[in-house]
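Everything below concerns the one structure shown next.
Laboratory data are not the source of any read-out in this text; all were calculated from the coordinates shown. It should be emphasised that the depicted structure is a prediction, and the values quoted were computed from it without experimental measurement. Note that each Cβ is placed from the backbone with ideal geometry, even for glycine, and that neighbours are counted across all protein chains shown.
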Amino acid sequence: GDALLPAPQSISILSTNMKHFLTWSPVIIQGATVRYSVEFQGEYEREYANGSWIPISECSLTTATVCNITEDISATVAYKLRVRAELGATRSRWATMKGFFNRVTTSLTPPVLRVLADGYHLLVQLADMGPALQFRVLYWKKGQESRMQQKVVREVSSLVHLDTMEAGAEYCVKAQTHVEAINRSSSFSPTQCVRAQGDASMWL
Amino acid sequence: KIFHLGACRVSMSMAEIRAGFTAIKANIQSRDPIRTLSILSHPHSLHKVKVERCCITHHLFTFYVDKVFKHCKTEDSFVNRKISSIANSFLSVRRKLGQCHEQNNCVCGEESTEKFKQILANYEGLNVTTAAMKSLGELDILLDWMDKS
């Protein structure tokens, strides 16, 4: 009873900031609800476990046409993914994604950050982008780019104190996302500058 | 995390591997009926190995990839997925260790060879499924030893 149901098409992976999603186009059968099941195969399974496939239970008999495979793509090796359609006892053949997916190819976006001057204190707030990501924050006194400083932020929970500023001086900040597991970084966020309270002439 | 094993430097997502193992440790260890024997720590603790760390690490990662993971299939889909995650991570690290070995940065001497022989003897002294499950259940012994490098 497998041949009657067409296999899903247009299988692809959307991977951003180490979150990986498998997507496919729906199989349309008038008046019926088609379900799908997804399996993955890592390099280990291909080379040491007779090419076995492992089902992703969260995406077994799902009606969705997307599956979050992040938890299972947890090594920096080449993975294969496949999906099939199911309608009652009828199943399509497995449709296997062309090529391989390695998480090293995930696209990394710059962090979203908010820079604040709290009196003389230079603070930054970073949006949480998931456990796999950390941030490299660069900051400098405007005009003194050569004395740029860096802070690596791993835990994004609250405001991060960067520096104590000179009165009335302007300080600038930019940041990039970094993933240790694949040793890659995003481009930098736009630079944001803030001015410390007080009168700059105090320092002359 | 970067591990300095003598002249060999290997980056490894230790946190991911530990998270995967921690998620299934109790399940795996519950399948090990023989609590009085150890694969990695008999007769001497792995922590006694101070020299030739790269070689013993390379031997052990090869041991787990070649001999252990494939005999640990369970009826539990969640456990199988975590084992796959660990196995693929080990494969990735084993490749890097192999490169060190090819570049002669992973010298094997008497101590590491003797220790690995003992581990193999411990493993082959049990039936394969029991030995594989016990070895997998002892993974944190290896990870702890590596973290102390």
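Taking amide H positions as placed 1.01 Å from N in the peptide plane, with prolines and chain starts having none, which residues 5 or more places from A:M165, or on another chain, fall under 5 Å of its amide H?
A:H121, A:L122
Enumerate the lysines that A:K142 could reach by cross-link, defined here as Cα to Cα under 29 Å, with residues fewer than 8 away along the same chain left out.
A:K151, A:K174
Net charge near A:V124: determine it from the other residues with C-beta under 9 Å of the C-beta of A:V124, scoring Lys and Arg +1 and Asp and Glu -1.
After counting each charged neighbour, the total is +2.
Once you list every other residue whose beta carbon is under 14 Å from the beta carbon of A:I182, what net charge do they have if Lys and Arg are +1 and Asp and Glu are -1?
So the environment of A:I182 carries a net charge of +3.
In terms of modelled amide H atoms, which long-range or inter-chain residues lie less than 5 Å from the amide H of B:F3?
Those qualifying (amide H under 5 Å, at least 5 residues apart or on another chain) are B:V10, B:S11, B:M12.
Going toward the positive end of the dipole of the range B:2-147, with +1 on Lys and Arg Cβ and -1 on Asp and Glu Cβ, which of B:H4, B:Q118, B:S85 do you reach last?
Result: B:S85, furthest along the dipole toward the positive end.
Taking the Cα-to-Cβ direction at A:E155 and at A:Q30 and moving 7 Å from each Cα, how far apart do the two end points lie in nm?
For A:E155 paired with A:Q30, the spin-label model returns 6.0 nm.
Which value in Å does the Kirkwood hydrodynamic radius of chain A take, with 1/r averaged over all unlike C-alpha pairs and then inverted?
20.2 Å
Which residues does a label at B:H42 reach in the range B:105-149, if reach means a backbone N under 16 Å from a point 7 Å past the Cα toward the Cβ?
B:115-139
What is the local net charge at B:R94, summed over the other residues whose Cβ is closer than 12 Å to its Cβ (Lys, Arg +1; Asp, Glu -1)?
-1
If you take the Cα atoms of chain B, find Rg, then find the Kirkwood Rh from the mean of 1/r over all pairs, what is Rg/Rh?
Rounded to two decimals, Rg over Rh is 0.94.
In square nanometres and to one decimal, what's the mean projected area of the convex hull around the Cα atoms of the protein assembly as shown?
Convex hull of Cα atoms, orientation-averaged projection: 24.2 nm².
For chain B, what is the calculated [θ] at 222 nm in deg cm²/dmol (nearest 500), taking -39500 (n - 2.57) for each run of four or more DSSP H residues and dividing by its residue count?
Rounded to the nearest 500, the figure is -19000 deg cm²/dmol.
Students often forget the sequence filter, so: which lysines lie under 29 Å Cα-Cα from B:K117 once same-chain residues fewer than 8 apart are removed?
Partners found: B:K1, B:K25, B:K48, B:K50, B:K67, B:K70, B:K73, B:K82, B:K96, B:K134, B:K148.
Starting from the Cα of B:K115, draw a straight line to each of the aspartates and glutamates and keep only those under 14 Å, dropping any in the same chain fewer than 8 residues away.
B:E52
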